[in-house]
Each structure stands twice: as C-alpha cells, then as structure tokens.
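The values are calculated or read from the model by the stated rules, or taken from the named source; none is laboratory data. Being a predicted model, the structure only gives us computed values, none of them experimental. Backbone-built Cβ (ideal geometry, glycine too); neighbour counts: all protein chains shown. SASA here: full protein model, heavy atoms, side chains in, ligands and nucleic acids out. Shrake-Rupley method; radii C 1.70, N 1.55, O 1.52, S 1.80 Å.
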Amino acid sequence: MKRNHIVLLTLTLLLLLFFVGCNADASEGLFRQIQNSKEPVKISYKQIIGRSSDEKTLYFLTESGVFSKVAGADAVTVKANTSGEIAESAALIDDTTLCILVNGPGSSGVILAGDPADSDSFTKLAADDTYNLKGLYANGKVLAQEKSGANPKVHLGTVDASSGAFASTINLSDISSTGSWVGMLTHTGTEQEDFGSDNPILSIFYNPQDKKYLTYYSDGTNHTQLTDLDNKHGKPATFTLLEGKLFVLTESGVLYGAEKPKTTDATKKMKELVKLNREYSQQAFLYGMKTTDDENNDTLHLISKSKRSVEGFTVLSFAPGLLDAAEKKITVTPITKGYGRVLPNTTYVDAMLINETATELKFLVATYSNGMVDITIKNPSLDEKDTNGSSSNPEEYEF
C-alpha cells in the first residue's frame, strides 16, 4: 500500500510539473505576443503624402481616406473615402492646396483639390480634354495618357489645381523608340521632392518582338538606357544612388551596379553583382548608406525590404571599389533588431526620409497592417538592439 501511495504521489507530481510547464510556455507565448505585437493592425496605409512647410503637420493616405496629424495629437480626417470616391494617391501642393486622385469613370482618374484644413472645400477638377489621368505622385507630378491615337502616349507632368488642365513635362513614351512604356520607379524616401538630377526616375519599357524589358535612367531632362540588365531576372523593382553609383535591384533579387550616368551618356552598362535568395515588389524599399570604422575604412551598405512579409530588412555591405573588383564580395545581413525590429511580419508600403547626416538616417515607414513607425539607422549591418539604431513602436512615430 505504501508503495502504491509513492507511485501515485510521483505520478501526481509529474502531471503537476507537466501542466505548470505547459502553462508557463503558454504564458511566455502570450507575453511574447504582447511584447512583439505591432498594433494598431487595423490601419492600412497606402501612401505617406508629406509634411507642411513648417514640418509640424504630417499628411498620409490609408484605405479610409486622407488624414493629417500634428505631433502629440490624434489623426484628423482631411477627406474620407466614399463609395463613389476612393482615394488612390495624393499630393500636398502647398499648405493650403491638397490634390487627391480618386477612381473615376472609365479609364481615367479624377482629381479633387481643396484646403487640407477644410474637408468641405474639396471639389472635382474639370477633366482634361486630351489626357486620361493615371497616377499622382506625392511631389505633385501626374501620370497621364493621351486619349487618342493607335498607341496613346504616356506623359509625366502637372495638373492645374484650379482648371484641371494637364501640362506635359516629359513624354515618357518617346524615351524609347523600340518598346512600349509599362512603368516608372521613383527613389525610395524622396518621392515628396521634385524629380531631377538628385532625385531621378527609372522608366521601364517592353519590346514584344524581342520579349525584353528596356530600362532608362532619367533626371527629368536627359535619358540614359541601362544595358545588360538580364531579362531572366525580371523587371527592375527598385533602385538607389550611393556615393556616385547607381544600384538597381530586380524583382527576382539580382543586384546590378554602375557609375551614376552622366547627362551625356546615351547608354550605361550595368554589372551584375549578386543574386539574393529574395524577391522584391515594385517600389521596394532600397536606400544606401556609407559608414567609416575606427581605422578610417569605408563600407557601403544597401538597406532593402523584400517582398515576403515575414522578412525584415536585408542589408548588403561591400567595399567602395566593388564595381571594379575581380571578386564581388558582398556581405548579406538580415536585420530583426534595433531599427529593424518592427518590419518582420509586415508588408512595406511607403517611406519618407526625415533626416540624413553622415552618421545616421531617419525614415518614416508605413506598413499595410502594422501601422507606421519612425526608424533611425546608425550601423546598418549590425543586427543588434540599441547598437544599429532604433525603431518606434507602431503609431508612436515622430516626424
């Protein structure tokens, strides 16, 4: 009998330890979820529009409409979406004029213009007789396509915020004589600034005869074809400039590089540098930074965000002489801590560069399901908390 009691007591203790262990695991899992939660998950961002001239008010677009926010206060509705008017993108022209591109009838969008401080002031601009509106960028530039012709041409220009008339700045279709225009890429973090030599664009064309994509680098006036971009790697997904060099990342994760094109360059040969085991969406996050160590050695870093939501930032680090080196030595580092702690398990939407110095970068980063954060990057290739930089909690950003 005594032996039976001992066995029973032993079994009871084992069961007790099992349930305590399970409960501890469950509690740890719950606390980990709370610690790693990225609330509010109900805000789905579409665009960071920009800041007021005094930089005290931020404007942004979500799936619910356009909002503004002053530091330390709740967001305020500027123009809510309705069933007949869904905002696709917006631009802050000046402190009293905000333009919003909404879905329109047929193949053309419609622009609403008004004072962001008065939601009742927004009115529809008259439709242009010659162009259908296709896109509106944060810097106010408008993408439009001619209404007539067998192959209607695509233009980049501006819309008069009073009359609605479109004025072409660049005939994008005429940049290439052998392909049809299929898309345009802007530089990460700087879409709020005007396009130009310091803020170029890439125009992408497709030649159906050769079944090849053609890519052109444009400073707004001059256009340089980027050659040797192998089509088996897909279309260019994103690009950046760093230390006088141009880097292009394709949808299948192949990085190309070259010296930044000169205004007189008709073509620029790109060099394949590395193939990553990652895929990238159009307009993926890509930005460059240089660091210098205690021995005065420079390293260049490209900070990227892949298509997979479970992946955070990926940093590619290399010596400044990479383009001419016989061996293309690149270190690839996934970032999940510090400035990259919020980005895993979320979908990147948009970014705005807040500040850039020789030793750090600061961005606002908007996501589709986990709010918006501000990140400060100091040592981009270090995956260490409090050493590589920092990230705010979702919706606790500063701008």
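Details
- Index of the failed condition, Tyr348 passing every other in (1) surrounded by fewer than 16 Cβ atoms within 10 Å (Cβ to Cβ); (2) under 17 Å from Ser391 (Cβ atoms): (1)
- Candidates Ala73, Ala26, filtered to the one that is at pLDDT below 50, over 20 Å from Leu125 (Cβ atoms) and open to solvent by less than 80 Å² (accessible area, probe 1.4 Å): Ala26
- Residue match in region 386-394 (condition: more than 24 Å from Tyr59 (Cα to Cα) and crowded, with 17+ Cβ neighbours inside 10 Å): yes
- Test: residue in region 271-283 that is at pLDDT below 95, more than 17 Å from Thr215 (Cα to Cα) and more than 22 Å from the chain's Cα centre (by Cα): no
- Candidate set: region 49-67, residues that are among the charged types (D, E, K, R) and in contact with a Ser or Thr (Cβ under 8 Å, 6 or more places away or on another chain); chosen: the one surrounded by the most Cβ atoms within 10 Å (Cβ to Cβ): Arg51
- Subset of region 157-180 that is closer than 21 Å to Ala126 by Cα and touching a Leu at 6+ places or on another chain (Cβ under 6 Å) - its residue that is surrounded by the fewest Cβ atoms within 10 Å (Cβ to Cβ): Thr169
- One residue stands out in region 295-304 among those that are of a type outside the set (D, E, K, R) and free of Cβ contacts under 8 Å to residues at least 24 places away in the same chain: the one that is surrounded by the most Cβ atoms within 10 Å (Cβ to Cβ), namely Asn297.
- For region 164-238, the strands (runs of 3 or more DSSP E) that sit wholly inside it and include 2 or more residues that are under 24 Å from the mean Cα position of the chain (by Cα) and either among the aliphatic types (A, V, I, L, M) or under 23 Å from Tyr287 (Cα atoms) (or both) are 180-186, 201-207, 212-218, 223-227.
- With respect to the conditions (1) over 30 Å from Asp298 (Cβ atoms); (2) among the aromatic types (Phe, Trp, Tyr); (3) crowded, with 21+ Cβ neighbours inside 10 Å, Tyr213 falls short on a single one, namely (3).
- Condition check for Ala284: touching a strand residue (DSSP E or B) at 6+ places or on another chain (Cβ under 7 Å), among the hydrophobic types (A, V, I, L, M, F, W, C) and part of a loop (DSSP other than H, G, I, E, B): yes
- Candidates Lys307, Lys290, Lys262, filtered to the one that is part of a strand (DSSP E or B) and either open to solvent by 50 Å² or more (accessible area, probe 1.4 Å) or modelled with pLDDT under 95 (or both): Lys290
- Per the listing Gly149, Gly104, Gly183, the residue uniquely surrounded by fewer than 20 Cβ atoms within 10 Å (Cβ to Cβ), of a type outside the set (Asp, Glu) and within 15 Å of Ser218 (Cα to Cα) is Gly183.
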